[in-house]
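A quick write-up on the structure given underneath.
The values are calculated or read from the model by the stated rules, or taken from the named source; none is laboratory data. The shown structure was predicted, so the numbers you read here are calculated from the model rather than taken from an experiment. Because the Cβ atoms are built from the backbone with ideal geometry, glycine has one as well, and the counts that use them run over all protein chains shown. Accessible surface areas use protein heavy atoms only, side chains included; no ligands, DNA or RNA. Shrake-Rupley method; radii C 1.70, N 1.55, O 1.52, S 1.80 Å.
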Amino acid sequence: YETGAVSLWKRVAYFFMLPNLIFQLFPIVDYKTFVRGYYPRPAAVINRNGLHWIGVGVVHLLAYRVIYHYGLPRADEINNLLDLAQYLVFNYALILRLSGIFHICAGLLGLFGFDLPRTFDNYFLASSFSDLWRRINVYWRGFVMKLFYFPLYFRFKGLGRPGIFITVILVFGANFFLHAYQWFWIRGTIQVTQTDIIFWSVLGV
């Protein structure tokens with residue numbers, strides 16, 4: 001769907017992003033955003049922004065380590081509602097690991113002149129599931145919306161609200177499949193557990 005003239009080097013840069021050689025988990029960068037974001041502002045501003053994202057990512061990873069080692073209770077240590085609340089909150093806070101890695105990836109690309117938008121947007125301040133969907137893993141949301149949600153939505157639009165429900169369920173089904181494939185890509189084994197099924201079903205509903 002490329003309409004404008006894009007140099008060979010920009011295409012090579014997109015398909016062989018340097019951080020992707022280092023990190024097993026890597027944000028899905030939109031091609032148009034990547035191409036258009038090459039030095040749209042002065043180099044010093046973009047580089048400084050890249051260093052900022054790297055710093056944010058390091059802080060997130062350090063916070064993740066503290067929570068994982070000192071704050072997260074084991075499941076067999078839960079004895080009351082307070083323990084359960086701590087277990088749930090700290091498990092959610094482990095998203096800091098993914099957030100940290102993605103911020104560092106975007107920051108590294110910023111050092112090479114690619115002025116990319118933020119990968120996560122203050123997800124701890126989300127006020128609802130819809131707001132969380134807007135704030136968490138922004139690149140993934142854009143990818144899913146473009147490839148799955150909008151095509152399905154316009155296909156089932158004539159059904160009214162049931163059509164939206166069907167669309168959302170199918171989108172989260174695609175989410176489930178793609179995360180399972182990601183696990184297979186990284187680990188070499190297909191792992192579908194009851195926990196995964198319950199998680200994506202509840203989140204989708």
Checklist entry - When the stretch 104-123 is examined, which residues are found to be open to solvent by 70 Å² or more (accessible area, probe 1.4 Å), under 14 Å from the mean Cα position of the chain (by Cα) and farther than 12 Å from residue 138 by Cα? => result none
Checklist entry - Which residue pairs have Cβ atoms under 8 Å apart, sit 6 or more places apart or on different chains, and have a first residue in the stretch 81-110 that is free of Cβ contacts under 8 Å to residues at least 12 places away in the same chain and a second that is of a type outside the set (Phe, Trp, Tyr) and open to solvent by less than 40 Å² (accessible area, probe 1.4 Å)? => result 83/73
Item to check | Of all residues making up the stretch 77-114, the number that are polar (S, T, N, Q) and not in a helix (DSSP H, G or I) | outcome: 2
Checklist entry - Is there any pair with a first residue in the stretch 186-205 that is at pLDDT 80 or above and a second that is not in a helix (DSSP H, G or I) whose Cβ atoms are under 6 Å apart and which are 6 or more apart or on different chains, and what are they? => result 186/24
Checklist entry - Which numbered condition trips up residue 48, out of (1) modelled with pLDDT of 90 or more; (2) touching a Leu at 6+ places or on another chain (Cβ under 9 Å)? => result (2)
